[in-house]
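The values are calculated or read from the model by the stated rules, or taken from the named source; none is laboratory data. Quick caveat: nothing in here was measured; it's all calculated off a predicted structure. In this analysis, Cβ positions are derived from the backbone assuming ideal geometry, glycine residues included, and neighbour counts consider all displayed protein chains.
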Amino acid sequence: MVEYTAEIRWQRHDQPFTDHRYSRAHAWVFDGGAEVSASSSPHVVPPPYSDPSAVDPEEAFVASLSSCHMLWFLSIAAKRGFRLDRYVDHAVGVMEENPEGRVAITRVTLRPETRFSGERSPTEDELNAMHEAAHQACFIANSVKTDVCCKPIHVR
């Protein structure tokens, strides 16, 4: 068993709070020391009570799925002897009502764009197989019921 930790810090300061007019800005502090400015989504709580420049939980959810997929993809490509030079994903999460009638991120679409160099570049079938293997191995995708699909962008 492995445990991962994060400390979430928020403080009221001089705001009344009970009138719901308080800042949702807070900090995420991770076990390695990284600190991230966080807030509620401005789509959920309008500014100035949210901070649009901060990371919100919904964005972080999409980013964690994308990041996990990418890390597995890098490992798989290296093991298969492909030299990957660049990986950029423009991941998108959709928040809507789910079948239980609750608002949820119901779908995350990964759109990884990869560039390879070297003597051997993967075929489209090999790329798709590596993305499927990465999806099956991804700890985060295996942890959620959100539909996570991958639509690779093949760049030659």
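Scanning region 76-114 for residues that are free of Cβ contacts under 8 Å to residues at least 12 places away in the same chain and surrounded by 13 or more Cβ atoms within 10 Å (Cβ to Cβ) yields one hit, Asn98. For region 26-75, filtered to residues that are among the aromatic types (Phe, Trp, Tyr) and assigned to a helix (DSSP H, G or I), the residue that is farthest from Glu126 (Cα to Cα) is Phe61. Annotation note: Cβ proximity below 9 Å between a residue of region 143-154 that is over 16 Å from Ser64 (Cβ atoms) and part of a loop (DSSP other than H, G, I, E, B) and a residue that is of a type in the set (Ser, Thr, Tyr) and modelled with pLDDT of 90 or more (sequence gap 6+ or interchain) occurs for Lys151/Thr109; Pro152/Thr114.
Scanning region 102-129 for residues that are in contact with a His (Cβ under 9 Å, 6 or more places away or on another chain) and of a type in the set (Asp, Glu) yields a total of 2. On inspection, Ile105 qualifies as in a strand (DSSP E or B) and of a type in the set (A, V, I, L, M). When Pro46 is tested against (1) exposed (fewer than 15 other Cβ atoms within 10 Å of the Cβ); (2) more than 30 Å from Asp14 (Cβ to Cβ); (3) not aromatic (Phe, Trp, Tyr), exactly one condition is not met: (2). Cβ-Cβ distances below 6 Å connect the following pairs, each with a first residue in region 118-137 that is aliphatic (A, V, I, L, M), a second residue that is crowded, with 17+ Cβ neighbours inside 10 Å and part of a loop (DSSP other than H, G, I, E, B), and a separation of six or more residues or different chains: Leu127/Pro152.
Residues that are among the small types (Gly, Ala, Ser) and either surrounded by 15 or more Cβ atoms within 10 Å (Cβ to Cβ) or not assigned by TED's automatic domain parsing to the domain that holds Ser75 (or both) within region 122-156 comprise Ala133, Ala134, Ala137, Ala141, listed in sequence order. Might you let me know whether region 75-87 holds any residue that is among the hydroxyl-bearing types (Ser, Thr, Tyr) and not assigned by TED's automatic domain parsing to the domain that holds Tyr4? Yes, some residue in region 75-87 is among the hydroxyl-bearing types (Ser, Thr, Tyr) and not assigned by TED's automatic domain parsing to the domain that holds Tyr4.
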